[in-house]
Structure formats: C-alpha cells, structure tokens
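Visitor: Got a structure for you, written out below as structure tokens; questions coming shortly.
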Amino acid sequence: MRRHAMVCSIQLALLGMAAPAMALAQNTDNDQTKQLDTVQVTGSRIPRAQVEGPAPVTVVNAEQIKAAGFTSVPDVLRSLSQNNGYTQGQQNTTGAQSTPGAQAVDLRGLGPNHTLVLINGRRIADFPLPLNGKSNFTDIGNIPLGMIDRIEVLTGSASAVYGSDAMAGVINFILKKSTDGTTIDYRYGDTSRGGGESHDLTLTTGFEQGNFSGIVGVELMDKHPVWGTQRKVQDSTLDGPTSRSRLPTLVARRYDVDEDVALDPEGDCSALAGLNSGTTHLALDRYGEPYCGSERITAQRTINNERKGATAYGSFEYRFDDNLSWFADVQLGRQEVKLMTGNGTSSYPSDNMGWEFHDPASTDNNDKVFYNAGTGHYEIWRRQFGPEEVGGLKNRMNTTTQKTLAVTTGLKGMLGDNWNWEGAYNHSQYKADVKMPRIKADAANRLFLGERLGYDDDGYAIYNPDPARLFKPLTPAEFASIAAMSSFHPEAKNDNVSFTADTPALFSLPTGDVGFAGVVEYGRQSYAIHPDPLALTADAYYGPQYGDGSGSRNRWSAAGELRVPVVSNLQASLAGRYDRYSFGNRHPGKFTYSAGLEWRPLDTLLVRSSYGTGFRAPDMHYLFADDDYYRKTSTDYYHCRQDEPGFSNGECWDEGDWDTNTLDVYSGNRNLDVETSKSFTAGFVWSPIANFDLAVDYYKIKVMNQVQSQDREILRITEANCRLGKTDTGATVDPTSPTCVDAMARVIRNSNGDITSVHFAPINIAREETSGIDVAANYRLQTAAAGNFSFTGTYTWAHRHTRQQYPGDPTEDMLSVSFSDTTLPRVKSNLGVTWDKGEWGASLFGDYLGRVANYDNDAWTEATWRFNAGARYDINDHLRVSLSVNNLFDKMPPRDATWAAYPYYNTSWFDAIGRSYFVQVTWKLGGKPL
C-alpha cells in the first residue's frame, strides 16, 4: 500500500500534535522505534509518523466509549476531566425553554461558545436558537454515537489553524470511514427507578466496486422521557430544603391589593380537589394566608427528554488514479425532542400551564392588577392548570423537530512525490420547528373575568367577574379555547470553500526535512430565528415576550504551518493565520500564531511545550439580537438589605417580601469587539516500559475582551452593593467603579424607587484566566492465565480561574466558594479498568467531580463519584452480547440545604436519573471477527 498522507482542510489542524494517554496505550505495546505510516493526526495539517507532539490531545475511540458504558455524546464529553464548565442539563428549565433539546460542551469553564466543535474536521452549523436566548453554540445532543470512530479533543487556543472560536479548545468528532462487512447493533435501555426506556438500532455497511468505495450507516433512536414525578428526591415540594420551598405550588389564588391580603378560596378549594391526581387542597403561605395548592405540581416536568429520530451517514470515494480521487461525506438527521418545563411556584404560575391576569395597557407596570367592580377593590387572580384540565401532560410538552444536513465534497490528490492537495466545499444547516405551549392572554382573561368594562381613572382594567369561576375546574374543551402552540422556525447555515496543500519535505536541512502545509478559505455563516409573530407582542400570550434576531457574515482566511527539525531529537512547529470577517459596515480581522517544541532526550521520554494565540468574532446573536423581553418576579436586594441590615442575598430571595414585577429587556450589541486569547502548555509524556505511559501537562489560558451576557440577578445584587457601599458579607464596594456605574444605569427604578426593569446586553469584559494541570496514565497487563487488563486514568486540577469584568474592578476567584456567580469545580477525574479473556470481557469506569459551591455560595457541596460497569460475551466471533449499568450504585445528587429552587440541586453537575442499564446485541455479517 502506498504510504501517503491523508489530506484534509484547514479545520483538521492544531488540536495539538500529540495523541493523549488514552490513545498512547494502543501503541506502547509495540516496539518504540516502529515505523508508522504517515497519517493526518488531528492537531496538525502536516503528515507525520509520530503520534505525540508539542500539545496534548485527548483521544477517545469507539471501543473505549462502549467499555465506559456511555450511550450518548453528551455523556462521553461530560466525563472528560477538561470539560469542567457550567452547562445546562436536560432539566434546566430556563435553558430547556430557550434551546429545547440541545446540549452544549464547555472546555475549561470558559463558556460553551468558546469551544469549537467539528465533524470530520469541518465546521458545522450552530443550533439555530441562542443558548439562554443570548449566544450561539453547537448542539452535541444530536451527533450519532454509533457512527463515531473516535473523538479528539484539544484544550487551548488553536486559532492559528482553525480561526475563530478555537479559544478554550477544539473537539473533532471523526466518523467512521471504512468497515468490513455489515454490522448491526441493537441496544435496549431502561432505568431501575422508572422511566427512560430506550431503543437504539445502528446499521453500518461498506462496499468497494472497482475504484468506487464507501461506507453507509443509519441510526434509529427511540428514547422515552423521565418525569420528576418518578423520582422521590424531587417528586414534590416536600423535598425542598427550606420552609418556603416546601410550600405547595399554587393552583388558584385571589388577592386583594387594597387590603394586602389573600381572599379565602371558594369552597375551601373543594371543587379543585380532584386536580393534580387528587392532591389539590387548601394551603397557607408563609404569612398564613390561604390559596389552593398542590405539592405535586412542581414535579410535573421532564428531567430527561423524550427523543425519537433517525440519522444517516455516508462517506464515499472514487479514485480516478493513484494521484486523483473524488470524495464526499454526507450526514442527514431528523429528530423529534419533547420536554416539559417548570410549572410555577407557590406564588406564581408557569407560562405554559398557568395564567394570571395581565394587561399591558394597564398603568405603571402594574399590568397584573385589575379593578373588580363587584367588590370595589383592586385584585390579582392566578390559576395553574392540572393535567386533568389540559388533556394530559404530554399535551403541553415543548416539541422540537431538528433537521440537520452536512455535505462535504471535493477532489484530492498528489502532485509529484511529496505534495498532497485538497479542494473542498462544505455545507451544513440546522433547521428546527419549535412548538411552545402558551396561554392566550386575552382569551384567558375573558374566560375567567368576563368582558372588560373599560379602564378606571388610574388606568386599571375594569371587570366584574364571578369568583367561583377561578376555583372551578376547566373542561378540556374550555382549556383548548385559551391554549395555543407558539411555533418558531429557526435555521442556521454554514458554507465553506477551502484549498489545502501539504508536503512532508518542503526542503531539507542537515537535521532533516521541513514539513509544510497551507490553506486558503472562504466562508459564509447565517442564522434567523423566524419566531411566532404573536410572541413578539406584549399582549398575545401570558408569560415571556420573545425577541427576534437574524444576520449573516462572510469570512476569508489564509494559514500556513511549518515543522522544522532543529536537531535530531528536537523539533519545532510554527503556524500562522489571518482571518477577516465582514458584516454590516464592519470588517474586523485578526492574525494569530502558534509555536511548539518537542524534545526527545530518550526514546521513552517526550518533553513538550506549546504557545498559541486565539481570537473569536462575536456571536451573531450577540450582534444581531432584537429587543427580547422578560417578565420576571425580581428580588429588590437594595430595599431588602436597606430594610433588614445583615440579611444575606440568599435570605432576601428566600423571604420574598421584596419581590417585584419587572419587564426586563435584552438587546444585541453591534459594537462588540473581537475576543483574544493566549494559551501555554508544558509537560512530558513518559513510557518507561512498553505497557505503561504517563502524561503530565501544565496549561494556562487567558481570554481578553471576552463577551458575556450580563446576568439580571447579578446586576440587581451589584446595584444593591453599589448603592449601599458594601456586599452582603460586609466587603467594601466603590460606587464609582466602572461596574457600579454600569449596574446602576441598567437597573431602572420609578419615582417611588421601585425596580421596573433591568436592561442587559452582551459586553466585552476585561479578562478571564484559567490554569492548572492535566494528568493521564495508562497501564496494560497481559497474563496467560487471567487474561488482559487495561487501566486508564485522567485528572485535571484547576489551580486558578479568575474573572475581571471591567478594567479597574477587583478580580473575582471563580474557584472560591464566595464567588457571586456559580463556582466551578477545582478537580475532575476518572478511572477505568477493562478485562478481556477470550470470549469474555468486563469493565468498570468511575467519574469523579470535586466539590462545588452550594446555592448560597457560602459552603461546599460534597465531592461525588459515579461508576459505570459493563460485561460482554462473544457467542461466536461475529455475534456479541453486552450488558452495561450506568450509575452502578444508584447515587442521587448530594443534598444542598440552600438550593431552594426546584429540583433542589445543581442540574449542571447532577441529575436524578439513578441507575440505568443497557443490553446490546452486536451482529456482524461477513468481514473480520469482532
């Protein structure tokens, strides 16, 4: 077979030029001096024989994924010790509403949008809705696990080859390129606590007809949801850690604003007693005032999504001759994701299963108050709907149909004996049909209050309603008259044309050949939310008013890379790239570069170091977002701490006495500057014996001008600190600091001093910096009697992670328990052991998460271990049966006495799925043995 380099585009580069410890274990049982065919290892465009280099790369292959018991791409990436950022889980209600069904990855805790995600080295379209309504990101939830050959991960700035976005790192999903025979995989899964039954069927086959060859794969998935009602740790408000959180969730309430008192429910809630599986009853709030409530409502949501769909993948090549071939990769997917978000609190109903009167035409931000002509008082009416009224919970689920397409095609070949080239076109798109259940505000107002009789002299709407109507169950037909499905049709596209050329020997030095690779690219990126027009108005639906956004930008770039043998055991790598973007009347550009050294003083030791710069053009939604409105019950921390000196922010929130209704406004910022970064790594890979290797690397990443969307809660807390001149812990605050000036301008108060709105936007913050150490080790033990054993382990220790919002502000320690935002874990690690002997095999994989801060950021939540176990039996050399158990010891999230919001634990790090098991049958028709 001709020894030659595999050619790829600019995207197949600078993930670091080393295979990780997980990959090294596959090679160390061979002789150290074995010659390898030159291949394109993700991390460099230049073909090379060595599988190590100046920057560490983590590689996880398909067999390792199966051995660890992972059943989805998010599960695989969640286990990586370098993936230590705060990302939304499937039951995060805010995230689930804004990006239903999508999941993100966050390397080094620098934010999901700072990790570049590739498939086969190519950029893919973003999820078409922005994360939490703010930033664009890549959805990893719909990547087909069964099609993956391996995953390669670099952490650090890699813009010198990849361009924008490669700041925290790059993740490259390499799908299968070849297969012998036909393989059928069927996996059945379920959970020991109920819910979550799943079926997964994957078929892959290949062909070779003369000069034409290819591989085709199809994956079918059917996964049932897990409901909060199916887990005892969160099946009712009684699981809450505080007295306020344990109060029943509101079903119906009538409030007299004039007397500042809740009115007695009609019939003491007897007419509503059958709702919510017969759990609705008369309840008292923390002030002893009555309402109809149920402890059960809060758990009527999914904690793991329902997902059904199919993904097809094909990779083809036609060889005209030894020096020219055509290639194409095609991926097509369609999945339907369903989920149910939160159902209100003890005080307020949710927007998809509840109603309270509101009229934007009413006066001075009191649009939830109306004048009751029958009583002569101003009142507030609230109502939450039970499953019996809406026709079952599944009738109110968010439904997202995800439609993805990625096509890459082009020509590649050789010029002479040393030059490889490739010209490629890549198109990817992500379209979605999103259906969000909503309550039609005007129809619900009329159903419960009757016809509006006008407005009084103060601007309040006038009604003369029958109070019994509020406390009477609705028929499904009545509910249907006020219900609607608000439909969005967002889409995102990415097109790219590239030409790449490389040679292992541009010219020769006395120390060896100098390798070179170069690329030129042109690309276009676009997105459009296409929202329901009624969702943009203030009065169509009860609940949040959504915003719009759309835009496009062009990019061109050129890059080059050199690998230079300095002396026989010292090699240097250099790369540089220039990118230029164009959108509107702006044309930001940036040159980035990287350098690396590999020193091999011994055959068994590699000492390595790398330095790289990065940049990131602002997210399109950061730039092009229209005004987005958020109706919110907001805590006024200033008034709370003014009235109750010594109260903590957590006590202010928990008491609820200083809650106020606000209409917050989020807007894009077209004046954002590009972000820049610098990263440095230094370490070694040591393999003293054939079956053992150890990698230790220090990393440091510094991001400047980082774009982040301001947090409304933090803005209100900051505004209170600035007005009072101190934090709730007593630390002195300078009211004239840039942060204080900005916060006090964004928190809008009326003439009475009450908060009416918070105006927030994406901004360039001064800097964020993180550093630490990665350790990875592998050991393989081969015995004649007991079989073969393989031990792996990775460990990441974050030494420092700081953030400064504006120049001149104090530096915040994001690893400290007192950090005002969510604290990141200092340690993540994992351990794995596999055993095989003949037709039998077994594995055990443990995932460790170090302690994280509690909700109040005043104490630590305990560190946790989660274990997966697996076993396999080969019935014959073409038929295998496997069993895997995830969360072997059925561990639930650690208790947090301060996490008063449902589900009473941090959903970014933990879930209550519990033990799950999977049975898999693998049948291979033809080809080599399994």
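The values are calculated or read from the model by the stated rules, or taken from the named source; none is laboratory data. Keep in mind that this is a model prediction, so the values were computed, not measured. Every residue, glycine among them, receives a Cβ derived from its backbone with ideal geometry; neighbour counts consider all protein chains shown.
Visitor: Could you list, in sequence order, all residues of region 52-65 that are surrounded by fewer than 23 Cβ atoms within 10 Å (Cβ to Cβ) and touching a residue at least 40 places away in the same chain (Cβ under 8 Å)? Spell out the reasoning first.
Guide: Pass one, region 52-65, residues surrounded by fewer than 23 Cβ atoms within 10 Å (Cβ to Cβ): 60-63, 65.
Result: VAL60, ASN61, ALA62, ILE65.
Visitor: Can you name the strands (runs of 3 or more DSSP E) wholly within region 336-430 that have at least 3 residues being among the aliphatic types (A, V, I, L, M) and surrounded by fewer than 19 Cβ atoms within 10 Å (Cβ to Cβ)?
Guide: Of the strands (runs of 3 or more DSSP E) lying wholly inside region 336-430, those with at least 3 residues that are among the aliphatic types (A, V, I, L, M) and surrounded by fewer than 19 Cβ atoms within 10 Å (Cβ to Cβ) span 398-415.
Visitor: From ARG382, ARG334, grab the single residue that is charged (D, E, K, R), touching a residue at least 60 places away in the same chain (Cβ under 8 Å), closer than 30 Å to GLN209 by Cβ and touching a Gly at 6+ places or on another chain (Cβ under 9 Å). Please lay out each step first, then the result.
Guide: Details: ARG382 fails: closer than 30 Å to GLN209 by Cβ.
Of the residues listed, the single one that is charged (D, E, K, R), touching a residue at least 60 places away in the same chain (Cβ under 8 Å), closer than 30 Å to GLN209 by Cβ and touching a Gly at 6+ places or on another chain (Cβ under 9 Å) is ARG334.
Visitor: Do any strands (runs of 3 or more DSSP E) lying entirely in region 815-891 carry at least 2 residues that are under 21 Å from ALA67 (Cβ atoms), in contact (Cβ under 8 Å) with a residue 40 or more places away in the chain and aromatic (Phe, Trp, Tyr), and which ones are they?
Guide: On the way: elements: 827-837, 840-849, 864-876, 879-886.
Strands (runs of 3 or more DSSP E) meeting the threshold: 840-849.
Visitor: A follow-up question, please. Please go through (1) modelled with pLDDT under 90; (2) within 22 Å of GLY69 (Cβ to Cβ) for ASN132 and return the number of the only condition it doesn't satisfy.
Guide: Only one criterion is unmet by ASN132, namely (2).
Visitor: Further question: Check whether at least one residue in region 777-786 is closer than 27 Å to TRP909 by Cα, touching a residue at least 24 places away in the same chain (Cβ under 8 Å), surrounded by 17 or more Cβ atoms within 10 Å (Cβ to Cβ) and touching a strand residue (DSSP E or B) at 6+ places or on another chain (Cβ under 8 Å), and report yes or no. So that I can check it myself, show each step before the final result.
Guide: Going through region 777-786, the residues closer than 27 Å to TRP909 by Cα turn out to be 777-778.
Narrowing further to those that are touching a residue at least 24 places away in the same chain (Cβ under 8 Å): 777-778.
If we keep only those that are surrounded by 17 or more Cβ atoms within 10 Å (Cβ to Cβ) too, we end up with 777-778.
Among the residues that remain, those that are also touching a strand residue (DSSP E or B) at 6+ places or on another chain (Cβ under 8 Å) are: 777-778.
Checked against the condition, which is being closer than 27 Å to TRP909 by Cα, touching a residue at least 24 places away in the same chain (Cβ under 8 Å), surrounded by 17 or more Cβ atoms within 10 Å (Cβ to Cβ) and touching a strand residue (DSSP E or B) at 6+ places or on another chain (Cβ under 8 Å), region 777-786 yields at least one hit.
Visitor: Kindly list, by first and then second residue, each pair from a residue in region 481-495 that is in contact (Cβ under 8 Å) with a residue 12 or more places away in the chain to a residue that is of a type in the set (Asp, Glu), limited to pairs with Cβ atoms under 8 Å and residues at least 6 apart or on different chains.
Guide: Going by the 8 Å Cβ cut-off, the qualifying pairs are SER486/ASP532; SER487/ASP433; SER487/ASP532; PHE488/ASP433; PHE488/ASP532; HIS489/ASP433; ALA492/ASP126; ASN494/ASP126.
Visitor: May I pose another question? Could you tell me which of the residues VAL117, VAL105, VAL161 is part of a strand (DSSP E or B), more than 19 Å from ARG803 (Cβ to Cβ) and in contact with a Ser or Thr (Cβ under 8 Å, 6 or more places away or on another chain)?
Guide: Working: VAL105 fails: part of a strand (DSSP E or B); VAL161 fails: part of a strand (DSSP E or B).
Just a single option satisfies the conditions, and that option is VAL117.
Visitor: Also, I was wondering about something else. Within region 228-238, how many residues are of a type outside the set (S, T, N, Q) and crowded, with 21+ Cβ neighbours inside 10 Å? Break it down into steps so the answer makes sense when it comes.
Guide: Pass one, region 228-238, residues of a type outside the set (S, T, N, Q): 228, 231-233, 235, 238.
Now drop any that are not crowded, with 21+ Cβ neighbours inside 10 Å, which leaves 228, 231.
Qualifying residue count for the region: 2.
Visitor: If you scan region 239-278, which residues turn out to be in contact with a Phe, Trp or Tyr (Cβ under 6 Å, 6 or more places away or on another chain), surrounded by fewer than 19 Cβ atoms within 10 Å (Cβ to Cβ) and in a strand (DSSP E or B)?
Guide: ALA262
Visitor: Still on this structure, please answer the following. Of the residues TRP840, TRP835, which single one is surrounded by 15 or more Cβ atoms within 10 Å (Cβ to Cβ), more than 23 Å from the chain's Cα centre (by Cα) and in the same structural domain as TYR917 (by TED's automatic domain parsing)? Steps first, answer last, please.
Guide: On the way: TRP840 fails: surrounded by 15 or more Cβ atoms within 10 Å (Cβ to Cβ).
On inspection, the qualifying residue turns out to be TRP835.
Visitor: What about LEU154, is it in a strand (DSSP E or B), surrounded by fewer than 18 Cβ atoms within 10 Å (Cβ to Cβ) and aliphatic (A, V, I, L, M)?
Guide: Numbers: in a strand (DSSP E or B): yes; surrounded by fewer than 18 Cβ atoms within 10 Å (Cβ to Cβ): no; aliphatic (A, V, I, L, M): yes.
Spelling it out, it is not the case that LEU154 is in a strand (DSSP E or B), surrounded by fewer than 18 Cβ atoms within 10 Å (Cβ to Cβ) and aliphatic (A, V, I, L, M).
Visitor: Take the residues in region 215-226 that are touching a Gly at 6+ places or on another chain (Cβ under 6 Å) and among the hydrophobic types (A, V, I, L, M, F, W, C), then tell me which one is surrounded by the fewest Cβ atoms within 10 Å (Cβ to Cβ).
Guide: Among residues in region 215-226 that are touching a Gly at 6+ places or on another chain (Cβ under 6 Å) and among the hydrophobic types (A, V, I, L, M, F, W, C), the one surrounded by the fewest Cβ atoms within 10 Å (Cβ to Cβ) is VAL216.
Visitor: Ok, one more. Within the bounds of region 189-199, is there any residue that is of a type in the set (S, T, N, Q), without any contact (Cβ under 8 Å) to a residue 40 or more places away in the chain and surrounded by fewer than 23 Cβ atoms within 10 Å (Cβ to Cβ)?
Guide: From region 189-199, those of a type in the set (S, T, N, Q) are 191-192, 198; that's our starting set.
Cutting the leftovers down to without any contact (Cβ under 8 Å) to a residue 40 or more places away in the chain gives us none.
So far as region 189-199 goes, no, none of its residues is of a type in the set (S, T, N, Q), without any contact (Cβ under 8 Å) to a residue 40 or more places away in the chain and surrounded by fewer than 23 Cβ atoms within 10 Å (Cβ to Cβ).
Visitor: Scan region 723-737 residue by residue and report those that are farther than 18 Å from PHE819 by Cβ and assigned to a loop (DSSP other than H, G, I, E, B).
Guide: As a first pass, look at region 723-737 and keep what is farther than 18 Å from PHE819 by Cβ: 723-725, 734-736.
GLY725, ASP734, PRO735, THR736 - these are the residues of region 723-737 that are farther than 18 Å from PHE819 by Cβ and assigned to a loop (DSSP other than H, G, I, E, B).
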